[in-house]
Amino acid sequence: MPDRNIAALLMIYRKINAWRSEHAAPLGLSSSQVTIIIETCKNSGISQTELVKRLSHEKSVVAKAIAKLIAAGYITREQNPKDKRAFNLFPTEKAQEVYPMLVEQGDQCMERLTAGLTPEEKEELGVLLEKMVENTQL
C-alpha cells in the first residue's frame with residue numbers, strides 16, 4: 001500500500017505541474033514561477049530565504065526563477081535593511097494583475113482533483129495534507 005500511495009502522490013504532483021504549466025504558458029511562466037508569484041503576492045516583502053523554505057526547493061532553483069521573474073517584471077527584490085545579506089521580494093503591479101487568475105486556476109485544479117468528494121471529505125483531505133507537510137519538516 002505505501003508504494004501505491006507514493007505512486008498516487010507522484011501522479012498528482014505531475015498532473016498539477018502539467019495543468020499549471022499549461023495555464024501559465026500563455027503568460028510566459030513556468031509552474032514554479034507561478035508558485036513564487038502567488039507566495040510573493042500573499043506575503044509581500046517575504047525574504048528569499050523564507051520563500052525557499054516554504055517551497056522546499058533548492059536555493060539555486062528559486063534564485064534562477066526569481067531572476068527570470070524580475071526580468072519579466074513580475075517581482076522586485078530589495079536588500080533587507082536589517083540584514084544586508086538577505087533580500088526581500090515584492091510583487092509588482094504586473095504580478096498583482098495576474099494573481100487573481102493564478103489563484104482561480106489553482107482553485108479549478110483543486111476542484112478537478114477533489115471532484116466527487118463530499119465537503120467533509122475535502123475538509124479532512126486538507127487536514128491530512130497539512131499533517132503530511134508538517135511531517136516533511138521533521
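The values are calculated or read from the model by the stated rules, or taken from the named source; none is laboratory data. Note that this is a predicted model, so its numbers are computed, not measured. With ideal geometry, Cβ positions are generated from the backbone for all residues, glycine too; neighbour counts draw on all protein chains shown.
Assorted remarks:
- Residue-level analysis places Lys131 outside the set of residues that are in a helix (DSSP H, G or I), more than 14 Å from the chain's Cα centre (by Cα) and touching a residue at least 12 places away in the same chain (Cβ under 8 Å).
- Unmet criterion (only one of (1) modelled with pLDDT of 95 or more; (2) hydrophobic (A, V, I, L, M, F, W, C); (3) exposed (fewer than 12 other Cβ atoms within 10 Å of the Cβ); (4) assigned to a loop (DSSP other than H, G, I, E, B)) for Leu138: (1)
- Residues of the range 40-90 that are more than 23 Å from Leu27 (Cα to Cα), in a loop (DSSP other than H, G, I, E, B) and touching a Lys or Arg at 6+ places or on another chain (Cβ under 8 Å): none at all.
- Residue list for the range 25-34, restricted to those being touching a residue at least 12 places away in the same chain (Cβ under 8 Å) and either touching a helix residue (DSSP H, G or I) at 6+ places or on another chain (Cβ under 6 Å) or over 18 Å from Leu55 (Cβ atoms) (or both): Leu27, Gly28, Ser31, Ser32, Gln33, Val34
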